[in-house]
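A.B. asks: Have a look at this one before I ask anything.
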Amino acid sequence: MATTLTAEKPEHADAIERVLARAFGPGRYAKTSERVRERGAVLEHALTRVALSDSGDVVGVCRIWRVEAGAPLYFLGPLAVDPVEQSAGLGLALVREAVAACRASDGNGVILVGAERYFRPVGFSVVPAGKVILPGPVDPARLLWLQLRPGGLDKVQGELLAPKS
Ligand SMILES: CC(C)(COP(=O)(O)OP(=O)(O)OC[C@H]1O[C@@H](n2cnc3c(N)ncnc32)[C@H](O)[C@@H]1OP(=O)(O)O)[C@@H](O)C(=O)NCCC(=O)NCCS
């Protein structure tokens, strides 16, 4: 199937929810990442990437949020691909395009909670222990970040919060 990656538009919202429900199943709202998002992280529609099927259905999403941890930062997630479209490279393609959009917007860095093995090819690595605090339990080996420009992560430290501006 041919897929197109594009920025999120308001009309994609319901279809994105359906993809998230199919990909994650119940329990999605219990994640610490959800606490970050509900505490005032700002959804960046223009940096978020959705995958559209050739009939225009949303089959994947990689959302990007504006947050702060000592310095402005982007928070990546949720990342989800419809189960019938998985294992075809769509997940990593969405991550690569969302990260490229963050880089083009002059961001400092991107942080996420996920499997290092999966995100390593895009350049993510484990955040040094204790450097960034999330509003809930997170396996430190799954807290990953990626620098977008030289020195971009130097001032990043402390609680992951809503952006100040
Ligand atoms: C994770 C997810 C987005 C990957 O999408 P995808 O389009 O299948 O990804 P790709 O095709 O780029 O890569 C597939 C490979 O990623 C690997 N992979 C998938 N999930 C992984 C994970 N949690 N940890 C490590 N590797 C993983 C698998 O090895 C898979 O290889 P396979 O095809 O041999 O099984 C998709 O599986 C999904 O929606 N899962 C449910 C939601 C979820 O867990 N999101 C990630 C939160 S960090």
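Here, each number is a calculation from the coordinates, and none is a lab measurement. Bear in mind that the values here come from a model prediction, so they are computed numbers and not experimental data. Methodologically, a virtual Cβ is constructed for each residue, glycine included, from the backbone with ideal geometry; neighbour enumeration extends over all protein chains shown.
A.B. asks: Relative contact order, percent, of the range 21-80 when contacts are C-alpha pairs under 8 Å separated by at least 6 residues? Let's see the in-between values first.
C.D. replies: Working: 74 pairs, mean separation 15.8, N = 60.
About 26 percent, as a whole number.
A.B. asks: Tell me, what ³J(HN,Hα) does each residue in the range 136-147 have, in order and in whole Hz, if you take phi through Karplus 6.51 cos²θ - 1.76 cosθ + 1.60 with θ = phi - 60° and put x for Gly and Pro?
C.D. replies: Here the 3J(HN,Hα) series is x, x, 9, 5, x, 6, 9, 8, 10, 9, 9, 7 Hz.
A.B. asks: Quick check: from the Cα gyration tensor, does the range 99-165 come out rounded (a/c under 1.5), prolate or oblate?
C.D. replies: oblate
A.B. asks: Also, I was wondering about something else. Only residues of the range 1-34 count here: report those whose backbone N is under 11 Å from the spot 7 Å along Cα→Cβ of S53, or say none.
C.D. replies: Within reach of a label on S53, which here means backbone N under 11 Å from a point 7 Å along Cα→Cβ, the range 1-34 contributes 1-2.
A.B. asks: Grab the beta carbon distance between V84 and S165, set R0 = 41 Å, and tell me the FRET efficiency rounded to 0.05. Mind showing how you got there, number by number?
C.D. replies: On the way: r = 41 Å, r/R0 = 1.00.
Using R0 = 41 Å, I get an efficiency of 0.50.
A.B. asks: Please give the charge dipole size of the chain, origin at the Cα centre, charges +1 on K and R Cβ atoms and -1 on D and E Cβ atoms. Round to the nearest 20 debye.
C.D. replies: 500 debye
A.B. asks: Another one. How much length is gained if the chain between A21 and Q157 is pulled fully straight, taking 0.36 nm per residue apart and subtracting their Cα-Cα distance, in nm to one decimal?
C.D. replies: Contour length minus Cα-Cα distance gives 45.7 nm.
A.B. asks: Then there's this: R0 = 25 Å: FRET efficiency of L92 with H45, Cβ-based, nearest 0.05?
C.D. replies: For R0 = 25 Å, the calculated efficiency reads 0.70.
A.B. asks: If you don't mind, another one. Scan around V132 for amide H atoms under 5 Å from its own, H built in the peptide plane at 1.01 Å from N, and keep only partners 5 or more places away or cross-chain.
C.D. replies: G158
A.B. asks: So what are the ³J(HN,Hα) numbers for the range 119-132, from phi and the Karplus equation (6.51, -1.76, 1.60; θ = phi - 60°), rounded to whole Hz, Gly and Pro as x?
C.D. replies: Whole-Hz 3J(HN,Hα) from phi for the range 119-132: 8, 4, x, 8, x, 6, 9, 6, 5, x, 3, x, 6, 10.
A.B. asks: Within the range 51-72, list the residues whose amide N lies under 16 Å from a label point set 7 Å along Cα→Cβ of A129.
C.D. replies: Inside the label zone: nothing.
A.B. asks: Moving to a separate point now. Counting only C-alpha contacts under 8 Å and six or more residues apart, can you give the relative contact order of the range 4-159 as a whole percent?
C.D. replies: Rounded, it is 22 percent for the range 4-159.
A.B. asks: In addition: Short version: ³J(HN,Hα) in whole Hz for each residue of the range 83-99, in order, from phi by Karplus 6.51 cos²θ - 1.76 cosθ + 1.60 (θ = phi - 60°), x for Gly and Pro, what are they?
C.D. replies: Residue by residue, the range 83-99 yields x, 6, 9, 6, 6, 10, x, 5, x, 5, 5, 5, 5, 4, 6, 5, 5 Hz.
A.B. asks: With everything on Cα atoms, drop me the angle between helix 13-24 and the longest principal axis of the chain, reported from 0 to 90° to the nearest 10.
C.D. replies: 80 degrees
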